[in-house]
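Rule-based calculations on the coordinates, nothing more; no lab input. Keep in mind that this is a model prediction, so the values were computed, not measured. Quick reminder, even Gly has a Cβ in these numbers, built from the backbone with ideal geometry, and neighbours come from all protein chains shown.
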Amino acid sequence: MSETVTCPGCGAPNAAPTDHCKQCNLPLAGVPLDSAATARASEPAPPPPPPAPVREVSGFDPGPRPVRRTRARAASAPTFHRGIVFAVGLVVVGALAYYAVTGFRQTHFPEVPGANP
């Protein structure tokens, strides 16, 4: 039998006077010669272990979050609020004017005897 070199990366057998693996192109400098490489290469590789289950942790904090700018409000909202304040002001001024005129009439206009109210 001719001597072979087993690739440490993929396990493929390679002829002895080679510098790189034929399958994965891994450098084979310093890898010892092995005459039984064909027997080991034919064995299937054991399956990788299953991944560990991911456990959800409540209260997990991934670290500082980026600072986000606040969204600019729509221009109609302050205008709408100003309109409400203006309308309430007009109602208050109107109510004060009404009560002032009513009180003024009661104090400055004497009642006429025998007249209908």
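Odds and ends about this structure:
- Packing here is the average count of other Cβ atoms within 10 Å per residue, and on that basis the peptides 92-104, 17-29, highest first, run 17-29, 92-104.
- Counted residue by residue at 0.36 nm each, then reduced by the alpha carbon distance between them, the extension gain from residue 85 to residue 116 reaches 7.0 nm.
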